[in-house]
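**Q** If you scroll down you'll find the structure; I have some questions about it.
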Amino acid sequence: MHREKGVSMSGFLVWSIVICTALLLGFKIGPPYFEYLTIKKQFQAITKDSEAQSGARRDVENAFMKRTMIEDIKSISSKDLVIEKTGDGLVISAEYTNCVHVVANLRACMDFAPSSQK
């Protein structure tokens with residue numbers, strides 16, 4: 001008796017739906033997450049920047065605004081920054097929420113809190 005191997009049509013459809021749903025979520029949720037990583041990287045770069053070492057809010061905001069234009073950061077502005085001076089330097093942080101439309105009336109809301117600390 002010879003048994004056929006392979007995927008049935010119903011199995012193929014189920015797996016196609018699962019994979020397409022995962023890809024849809026990845027394409028929708030990926031960009032805000034990558035923007036968060038970019039913001040965090042820019043915070044760390046600003047703390048090492050000689051212009052912002054004074055810790056003056058204006059200097060830090062100017063350094064952030066320059067980097068915002070280059071990196072195309074849209075989720076936060078320089079007014080959202082929390083700047084703290086610590087014994088060993090400067091700590092820059094922010095908190096924001098990013099909601100993305102997934103499909104129909106479904107939205108994915110993500111809370112981010114990037115910081116220059118590791």
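The values are calculated or read from the model by the stated rules, or taken from the named source; none is laboratory data. Just so we're clear, the structure is a prediction, and the values are computed from it rather than from any experiment. Every residue, glycine among them, receives a Cβ derived from its backbone with ideal geometry; neighbour counts consider all protein chains shown. Accessible surface areas use protein heavy atoms only, side chains included; no ligands, DNA or RNA. Shrake-Rupley method; radii C 1.70, N 1.55, O 1.52, S 1.80 Å.
**Q** In the stretch 45-58, what residues are buried (at least 16 other Cβ atoms within 10 Å of the Cβ) and polar (S, T, N, Q)?
**A** If the condition is that a residue be buried (at least 16 other Cβ atoms within 10 Å of the Cβ) and polar (S, T, N, Q), then 47 is the only one that fits.
**Q** Right, here's the next one. What is the number of the single condition among (1) in a helix (DSSP H, G or I); (2) within 15 Å of residue 114 (Cα to Cα); (3) open to solvent by less than 30 Å² (accessible area, probe 1.4 Å); (4) not basic (Lys, Arg) that residue 30 does not meet?
**A** (2)
**Q** Scan the stretch 33-44 for residues that are of a type in the set (Phe, Trp, Tyr) and either open to solvent by 60 Å² or more (accessible area, probe 1.4 Å) or in contact with an Asp or Glu (Cβ under 7 Å, 6 or more places away or on another chain) (or both) and report the count.
**A** Of the residues in that region, 2 qualify.
**Q** Here's a follow-up. Does residue 95 meet the test of being charged (D, E, K, R) and open to solvent by 70 Å² or more (accessible area, probe 1.4 Å)?
**A** Here the answer is yes, as residue 95 does meet what is asked.
**Q** Same structure again: Looking at (1) more than 25 Å from residue 29 (Cβ to Cβ); (2) polar (S, T, N, Q); (3) in contact (Cβ under 8 Å) with a residue 40 or more places away in the chain, can you tell me which one residue 44 breaks?
**A** Evaluating residue 44 over (1) more than 25 Å from residue 29 (Cβ to Cβ); (2) polar (S, T, N, Q); (3) in contact (Cβ under 8 Å) with a residue 40 or more places away in the chain leaves (1) as the failure.
**Q** Counting just the residues of the stretch 103-118 that are of a type in the set (D, E, K, R) and at pLDDT below 95, which one comes out most open to solvent (accessible area, probe 1.4 Å)?
**A** The qualifying residue most open to solvent (accessible area, probe 1.4 Å) is 118.
**Q** Sticking with this structure for a sec: Return the only residue of 59, 72, 80, 88 being at positive phi and out of contact with any helix residue (DSSP H, G or I) (no Cβ under 8 Å at 6 or more places or on another chain).
**A** Within the list 59, 72, 80, 88, the selection yields 72.
**Q** Check off (1) part of a loop (DSSP other than H, G, I, E, B); (2) in contact with a helix residue (DSSP H, G or I) (Cβ under 8 Å, 6 or more places away or on another chain) for residue 6 and give me the number that stays unchecked.
**A** With (1) part of a loop (DSSP other than H, G, I, E, B); (2) in contact with a helix residue (DSSP H, G or I) (Cβ under 8 Å, 6 or more places away or on another chain) applied to residue 6, the lone miss is (2).
**Q** Another one. So, in the stretch 88-109, exactly how many residues are in contact with a strand residue (DSSP E or B) (Cβ under 8 Å, 6 or more places away or on another chain) and within 17 Å of residue 22 (Cα to Cα)?
**A** 6
**Q** With the requirement that a residue be open to solvent by 60 Å² or more (accessible area, probe 1.4 Å), part of a strand (DSSP E or B) and in contact with an Asp or Glu (Cβ under 9 Å, 6 or more places away or on another chain), what does the stretch 59-87 give you?
**A** Passing the criteria: only 82.
Results for (1) among the β-branched types (Val, Ile, Thr); (2) in contact (Cβ under 8 Å) with a residue 24 or more places away in the chain, shown as yes or no for each residue.
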{"position": "12", "(1), (2)": "no, no"}
{"position": "24", "(1), (2)": "no, yes"}
{"position": "57", "(1), (2)": "no, yes"}
{"position": "67", "(1), (2)": "no, yes"}
{"position": "80", "(1), (2)": "no, no"}
{"position": "83", "(1), (2)": "yes, yes"}
{"position": "95", "(1), (2)": "no, no"}
{"position": "103", "(1), (2)": "yes, yes"}
{"position": "107", "(1), (2)": "no, no"}
